[in-house]
Amino acid sequence: VRSAEAGGDDDDDGDETVAWFGGGADLTPYYLFDDDIREFHGRQKELCDAYFPPDDGELADAAFGYAAMKKNCDDYFFLPARQEHRGVGGTFYDDMPATEHTLAFTKAMAQSWLPSWLPIVERRKDRAYTDRQREWQLLRRGRYLEFNLLYDRGVRFGLASANPRVEGVMVSAPPLITWEYNHVIEEGSEEERLMTILKEPIDWT
């Protein structure tokens, strides 16, 4: 999550300070465990509905409800050159006007991440995997870095600034990555099932 503000200065020339929040949480699995993904999206929807109830005329906000933030996530984490999404989505929001209510929501979003992630880790961390599956993981990690370097607004902003945070940007990259020219996916495989979802996101709730 993040906050930003613009306008206003020490000269008090009447410029209004405008502040806003951005954030979200998304999941980028390399093999699909449908129950994990449904649980993750379900937690995100519960959080969004608690702060922006879809049936509450006063707090409901079509721009920041779960459905809108899920679509924002699918739209943002997209590699146009490959016509595929980076992962199975989640929520993403930006330019959310800063109020006490949206501050509370943004804090809750930050605090929700580990509770939504650790149960998945606990369930899957001891599973055996093959060399072929490891290779697929490294190939998909390449897509993760590809998105970050080519399309992520925060990374591009950080590298284009007067004092670029090159080390800070690159240290967030996976330590091991593989690229393979024209990798062919086996028909009917779990890898193909993942790619079908990455090409056409679905509703996990």
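Based on this model, can you work out whether residue 55 counts as without any contact (Cβ under 8 Å) to a residue 60 or more places away in the chain and in a helix (DSSP H, G or I)?
Values: without any contact (Cβ under 8 Å) to a residue 60 or more places away in the chain: yes; in a helix (DSSP H, G or I): no.
So residue 55 does not fit the description; no.
Of all residues in segment 73-90, those that are without any contact (Cβ under 8 Å) to a residue 24 or more places away in the chain have Cβ atoms under 7 Å from Cβ atoms of residues that are of a type in the set (Phe, Trp, Tyr) and part of a strand (DSSP E or B), 6 or more apart or on another chain, in 76/92.
Scanning segment 89-122 for residues that are of a type in the set (A, V, I, L, M) and open to solvent by less than 10 Å² (accessible area, probe 1.4 Å) turns up 96, 109.
Taking residue 31 as the residue in question, decide whether it is modelled with pLDDT of 95 or more and under 25 Å from residue 153 (Cβ atoms).
Numbers: modelled with pLDDT of 95 or more: yes; under 25 Å from residue 153 (Cβ atoms): no.
Considered against the rule, which asks whether it is modelled with pLDDT of 95 or more and under 25 Å from residue 153 (Cβ atoms), residue 31 comes out as no.
Do we have any residue at all in segment 55-69 that's at pLDDT 95 or above and open to solvent by 20 Å² or more (accessible area, probe 1.4 Å)? No, because not a single residue in segment 55-69 is at pLDDT 95 or above and open to solvent by 20 Å² or more (accessible area, probe 1.4 Å). Checking each residue of segment 163-177 against the condition of being touching a residue at least 60 places away in the same chain (Cβ under 8 Å) and over 17 Å from the mean Cα position of the chain (by Cα) gives no match. Selection over segment 159-182 of residues that are closer than 19 Å to residue 85 by Cα and either touching a strand residue (DSSP E or B) at 6+ places or on another chain (Cβ under 7 Å) or open to solvent by less than 70 Å² (accessible area, probe 1.4 Å) (or both) gives a count of 4.
Only one entry in 134, 193, 127, 143 is under 16 Å from the mean Cα position of the chain (by Cα), at pLDDT 90 or above and either within 15 Å of residue 31 (Cβ to Cβ) or polar (S, T, N, Q) (or both), namely 143.
Of all residue pairs spaced 6 or more apart or on separate chains, those with beta-carbon atoms under 6 Å, a first member in segment 18-34 that is under 16 Å from residue 51 (Cα atoms) and in contact (Cβ under 8 Å) with a residue 60 or more places away in the chain and a second member that is open to solvent by 40 Å² or more (accessible area, probe 1.4 Å) and part of a strand (DSSP E or B) are 21/3; 22/2; 22/94.
Taking the criterion of being open to solvent by less than 60 Å² (accessible area, probe 1.4 Å) and not in a helix (DSSP H, G or I), the residues of segment 31-48 that qualify are 31, 32.
The values are calculated or read from the model by the stated rules, or taken from the named source; none is laboratory data. Keep in mind that this is a model prediction, so the values were computed, not measured. For neighbour counting, all protein chains shown are included, and Cβ atoms are generated from backbone atoms with ideal geometry for every residue, glycine included. Just the protein is used for accessible areas: all its heavy atoms, side chains included, with ligands, DNA and RNA removed. Shrake-Rupley method; radii C 1.70, N 1.55, O 1.52, S 1.80 Å.
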